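Below is one structure, written out as structure tokens; the observations come after it.
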Amino acid sequence: MNLNGCEHGEACRECRSAGSTGKASVTRYAKPTSLDEALALLGDAPWRILAGGTDFYPSLGNRPVRENMLDINGLDELRGITASASHWRIGARTTWTDMVQEELPAAFDALKQAAREVGSVQIQNVATVAGNICNASPAADGVPALLVLGAEVELRSMAGTRSMPLRQFILGNRRTALRPDEMVSAILVPREQTLGRSAFVKLGARRYLVISIAMAAARIVVEGHTVREAAVAVGACSAVATRLSGVEAALIGRRADGSLAEAVRSAPMEELSPIDDMRGSAAYRLEAAREIVRRAICAAAGTGIERSAA
Ligand SMILES: Cc1cc2nc3c(=O)[nH]c(=O)nc-3n(C[C@H](O)[C@H](O)[C@H](O)COP(=O)(O)OP(=O)(O)OC[C@H]3O[C@@H](n4cnc5c(N)ncnc54)[C@H](O)[C@@H]3O)c2cc1C
């Protein structure tokens, strides 16, 4: 059966679509059951990878599918979270619900809180963490939480395996470093980045099913009563979600008490360059970002009861 549900296969005239050039084109659909098979297909022709489809299908609007579709939902080996001596490995088919249900160190709390904020439970049941980063929306809720974990992206192709930090993988709004012959096989979290506790705070126009106006994640390592390590990231306030190095520097060495909130008030946030759009003005976003960063840090440091949604 081809992508249009026709039994006649790819040669069926009904299923041919004429592009702007007037030339007929055929879209292919494949659902490989092994990674090797998927990589061989990717090496052979251009394909659009389909995971949960929750970004892909809405992006079509009323247009028909015009790309070859490589459905990765037959690749069981890509689903789930495993641990090795050096890394936590989040397989590319791991859904947000899988993430919520997995027992993980407290450093993953921000990612779990972000998981609960993605759309609705129905969306979380099929949508993948990897799909969220590959879609590269500035408002992707998973990205700040992964940035504070120092996440890396594992890319596979027939040519081999490479990995790169998430902050290098997302190049801009809807742009990634993924090559046409590659797919994301996993997200890797180095063990040394999983110390401490983390928290995530999302600001939206309403409580549920909402695209973020801004969101923040923080991971704080406290030794004695002092902050030894701080990782802070903000999304939807720049083309790509970003770590806030000035805020992180302002926290390290401080007592983990109310003084952290004070530090955030005056810390530089030069990385942020929000835009005006229908969800909020740039000035509002900047002010809101500082507040949700403060809440995320206080929650991660355990210095107050902070809600995970603003
Ligand atoms: C009603 C609704 C509400 C939503 N709410 C939120 C929200 O609150 N927060 C939020 O962040 N997002 C939200 N989303 C967007 C979406 O659910 C998430 O971004 C989700 O994580 C995408 O995962 P997916 O598996 O569905 O990706 P897909 O739609 O399958 O793929 C998305 C993109 O990534 C590519 N891709 C997927 N997997 C791979 C891979 N392994 N290798 C290479 N490329 C790949 C695809 O080709 C496509 O370009 C919402 C969507 C809907 C429909």
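What to note about this one:
- Gaussian network model of the chain, Cα within-10 Å springs - most flexible of Ile81, Ile187, Ile220: Ile81
- Of all the options Ala205, Ala239, Ala114, the one that moves most in a Gaussian network model of the chain with Cα springs shorter than 10 angstrom is Ala205.
- Inter-site label distance for Tyr284 and Gln168 at 7 Å from Cα along Cβ, in nm: 3.8 nm
- Distance cut-off 23 Å, percentage of C-alpha pairs in segment 109-221 lying past it: 29 percent
- Normalised per residue, the volume of the convex hull around the Cα set of segment 105-148 (Å³): 72 Å³
- Alpha-carbon centroids, segment 229-283 and segment 139-202: separation in whole Å: 20 Å
- In the chain, helical runs assigned H by DSSP with n ≥ 4 each contribute -39500 (n - 2.57); averaged across all residues and rounded to the nearest 500, the mean residue ellipticity at 222 nm is -7500 deg cm²/dmol.
- In range of the label at Leu209: residues from segment 108-142 whose backbone nitrogen is under 11 Å from the point 7 Å along Cα→Cβ: 119-123
- Fluctuation leader among Ala136, Ala199, Ala216 - the chain, Gaussian network, Cα springs under 10 angstrom: Ala136
- Compared with the dominant principal axis of the Cα atoms in the chain, helix 35-44 is inclined by about 70°.
- For a label point 7 Å along the Cα-to-beta-carbon line of Ser84, residues of segment 150-179 with backbone N under 20 Å: 150-167, 169
- Each Cα pair of segment 35-110 feeds into the Kirkwood radius, which the Stokes-Einstein equation turns, at 10 °C and 1.306 mPa s, into a diffusion coefficient of 108 µm²/s.
- Once you divide the Cα radius of gyration of segment 197-301 by 2.2 N^0.38 Å, the number left is 1.04.
- Ellipsoid equivalent to the chain - semi-axes via the Cα gyration tensor, in Å: 38, 21, 16
- Options Val293, Thr194, His225, ranked by Cα towards positive dipole end of the chain, top entry (Cβ charges): Val293
- Rounded if a/c under 1.5, otherwise prolate or oblate - segment 20-169, Cα gyration tensor axes: prolate
- Once the Cα atoms are used to define both axes, helix 282-301 deviates from the longest principal axis of the chain by about 70 degrees.
- Electrostatic tally near Val221: other residues with Cβ closer than 12 Å to its Cβ, Lys and Arg +1, Asp and Glu -1, net -1.
- Cα-projected label distance for Ser266 with Ala239, points at 7 Å along beta-carbon direction, nm: 3.4 nm
- Here the spin labels are modelled as points 7 Å beyond Cα on the Cα-Cβ line, and at Leu60 and Val121 they lie 2.8 nm apart.
- Backbone amide hydrogens, once placed in the peptide plane, bring Trp47 within less than 5 Å of nothing, excluding anything fewer than 5 places away on its chain.
Where a number appears in this text, it was derived from the coordinates with a stated rule and is not lab data. Small disclaimer: the values here were computed from a predicted structure and weren't measured. Every residue, glycine among them, receives a Cβ derived from its backbone with ideal geometry; neighbour counts consider all protein chains shown.
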